[in-house]
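Read the structure below first, then the notes.
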Amino acid sequence: MDKYQDIIDRAFKAAENAYVPYSNYQVGACVLTKDNKYFIGANVENASYGLTNCAERNAIFQAYSNGYRQEDIEAIAIVSNGKTLATPCGACRQVLVELLERHTPIVLSNHKVEKITNIEELLPMSFTKEDLD
Ligand code: THU
């Protein structure tokens, strides 16, 4: 896990920027690219709750907005200070299956527990662009 300590730390730092007046639950994320660029995200909530953007979506959209694509991404960290690990919500899993390679490490941490997973494990039998071919 030492290998990912840098992106875990950056994700915790990003979580401090979360805008969470409704849940008061801060989440941070950090994408590391293969050429060593970092893209962070925090959750940003809205009074119309469904418009909330999760931390990991904000981080990966930042990477894509800067021209990076799934094959350029080394790993993503997603962190919170909750009692349990903040695993991506269903909507984020669908976004991640589109924008990450199947086995790209997704590193989860809440300071107490750390786990490395990937989108294949989080969203098996997913619906993707291959299904539209
Ligand atoms: N949230 C994230 O940002 N990422 C996750 O992986 C889980 C949930 C946010 C959405 C909302 O702002 C708050 O956490 C509570 O659901």
Taking only DSSP H segments of four or more residues, each worth -39500 (n - 2.57), what value at 222 nm results for the chain once the sum is divided by all its residues, to the nearest 500 deg cm²/dmol?
-7500 deg cm²/dmol
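Test of understanding: ordering 127, 39, 12, 61 by Cβ neighbours within 10 Å, fewest first, what list do you get? Walk me through the intermediate numbers first.
Working: 127 11, 39 23, 12 19, 61 16.
Going from sparsest to densest Cβ surroundings: 127, 61, 12, 39.
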Arrange the following residues from fewest to most other Cβ atoms within 10 Å of their Cβ: 22, 68.
22, 68
For a footprinting-style exposure proxy, rank 83, 37 by other Cβ within 10 Å, fewest first.
83, 37
For the chain, I need the span (max minus min coordinate) of the C-alpha atoms along each principal axis, in Å, sorted largest to smallest.
42, 37, 28
Taking N as the number of residues in the range 37-108, what is its Cα Rg relative to 2.2 N^0.38 Å?
1.09
Using a basic spin-label model with each label point 7 Å from the Cα along Cα→Cβ, how many nm lie between residue 133 and residue 102?
1.2
Rounded to the nearest 5, the percent of DSSP beta bridges in the chain running antiparallel is 75
Dipole magnitude (debye, nearest 20) for the chain, charges at Cβ of Lys, Arg, Asp, Glu
400
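Quick note: the coordinates plus some simple rules give every number you see, no bench work behind them. None of these values were measured; they are calculated from a predicted model. Reconstructed Cβ throughout: ideal geometry from the backbone, glycine too, with neighbour counts over all protein chains shown.
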